[in-house]
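In what follows, a single structure is set out as structure tokens and then discussed.
The values are calculated or read from the model by the stated rules, or taken from the named source; none is laboratory data. This one's a predicted model, so the numbers in the text were calculated from it and none came from an experiment. Don't worry about glycine lacking a Cβ; one is built from the backbone with ideal geometry, like all the others, and counts go over all protein chains shown. Note: areas computed on protein heavy atoms with side chains; ligands, DNA, RNA excluded. Shrake-Rupley method; radii C 1.70, N 1.55, O 1.52, S 1.80 Å.
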Amino acid sequence: MLEAVVQRLLVETGASRVTLRQDLPGDYAYPVTHEALAPGTGSLREERTVDLRTQPVVRELERGCQVVQNDSRAASDDPAFQQMLQTYGGLSAQIVTPILRDERLVAIVSVHELRGPRVWTAEEIGAATLAAEEVKAQL
């Protein structure tokens with residue numbers, strides 16, 4: 001069911017990639033557990049070089065805030081953030097939605113655009129919010 005949620009969100013947004021990351025036991029924070037990719041887009045399932053716990057976006061998610069970036073390159077000058085954008089295939093724009101349980105970040109739904117900056121519509125942001133609610137109900 002979770003794979004279907006991320007696949008549907010990819011179709012609804014026309015984005016490059018949608019990932020679901022979960023807080024699982026282990027030494028890597030928030031590994032990708034489910035992913036949907038547009039043709040030609042690289043996977044993040046095995047990527048383990050970016051420490052998400054130090055990323056400004058994750059700090060916002062931990063506070064329960066959804067992060068919408070139309071131009072991710074301009075969103076932060078933090079060097080670790082800029083390196084993450086490159087590592088993630090030239091990430092240009094994103095919608096990142098937290099899933100909290102008992103005020104703790106347990107999962108993250110991310111919609112990535114790699115082709116360039118884009119203005120996310122209210123419908124696309126709403127679709128990401130709904131996907132996160134569906135995932136939460138299944139966790």
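May I ask you to give the solvent-accessible area per residue for the chain, in square angstrom, as obtained with a 1.4 angstrom probe?
Numbers: 6760 Å² over 139 residues.
In whole numbers, the chain has 49 Å² accessible per residue.
Using only Cα atoms, what is the ratio of the radius of gyration of the chain to 2.2 N^0.38 Å? Don't skip to the end; give the middle numbers.
Details: Rg = 13.5 Å, N = 139, 2.2 N^0.38 = 14.3 Å.
That ratio works out to 0.94.
Under the rule of at least 5 residues apart or a separate chain, name every residue whose amide H is placed under 5 Å from the amide H of residue 33.
Result for residue 33 returns 20, 21, 22.
Test of the criteria: in the range 44-139, which trypsin sites (Lys or Arg not before Pro) are in a DSSP loop and have at most 16 other Cβ atoms within 10 angstrom of their Cβ? Before the final figure, lay out the partial values.
Details: sites: 45, 48, 53, 59, 63, 73, 101, 104, 115, 118, 136; in loops: 45, 48, 63, 115, 118.
Here the trypsin sites (Lys or Arg not before Pro) that fit, given the DSSP loop and packing criteria, are 45, 48, 63, 115.
Kindly rank 106-112, 30-36 from highest to lowest mean number of other beta carbons found within 10 Å of each residue.
Values: 106-112: 24.6, 30-36: 19.1.
Highest mean packing first, the order is 106-112, 30-36.
Cα gyration tensor of the range 73-132, axes a ≥ b ≥ c as square roots of the eigenvalues: rounded (a/c below 1.5), prolate (a/b > b/c) or oblate? Before the final figure, lay out the partial values.
On the way: a/c = 2.42, a/b = 1.32, b/c = 1.83.
Note, shape of the range 73-132 comes out oblate.
Exactly which GluC sites (Glu not before Pro) in the range 71-126 are in a DSSP loop and have at most 10 other Cβ atoms within 10 Å? Can you show the working numbers first?
Working: sites: 103, 113, 123, 124; in loops: 103.
Of the GluC sites (Glu not before Pro), the ones in loops of the range 71-126 whose Cβ has at most 10 other Cβ atoms within 10 Å are 103.
Please identify the GluC sites (Glu not before Pro) of the range 42-90 that satisfy two criteria: DSSP loop assignment and at most 16 other Cβ atoms within 10 Å. Which are they? Numbers along the way, then the final one.
Working: sites: 46, 47, 60, 62; in loops: 46, 47.
Answer by residue number: 46, 47.
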